[in-house]
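Right, one structure below, let's go through it.
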Amino acid sequence: MVVDFRMGDVLRLRKAHPCGGFQWEVVRLGADIGLRCLTCGRRVLLERSVLEKRLKAFQSRGAEATVGAPPSPSQAPAGRHEPVTDQPPAEQGR
């Protein structure tokens, strides 16, 4: 059975990291899963199958992703964006 990992999940693994931390945050999804130690900040990549074996429990779950839906305004990248319209730009300085 495939475990459903989400961005932002906080996991507890079976063995402690050398810094002493047990909690890891999911920061990348794919064939390899990116994790960040919440104690020291170290980032590692683990194969999905290896992570599934080392997983002990979910401490908290990240937001559930909806496939094909546009990002909400809170998830949109920061920056200045012009609104999209079908009208040509207004002439300036007449």
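Could you count how many residues in segment 11-37 are among the hydrophobic types (A, V, I, L, M, F, W, C) and crowded, with 16+ Cβ neighbours inside 10 Å?
Within segment 11-37, residues that are among the hydrophobic types (A, V, I, L, M, F, W, C) and crowded, with 16+ Cβ neighbours inside 10 Å number 8.
Under 19 Å from residue 8 (Cα atoms) and either charged (D, E, K, R) or at pLDDT below 90 (or both): which single residue out of 62, 79 fits that description?
One residue alone meets the criteria, 62.
The values are calculated or read from the model by the stated rules, or taken from the named source; none is laboratory data. For clarity, every value in this text was computed on a predicted model and none was experimentally measured. Note that each Cβ is placed from the backbone with ideal geometry, even for glycine, and that neighbours are counted across all protein chains shown.
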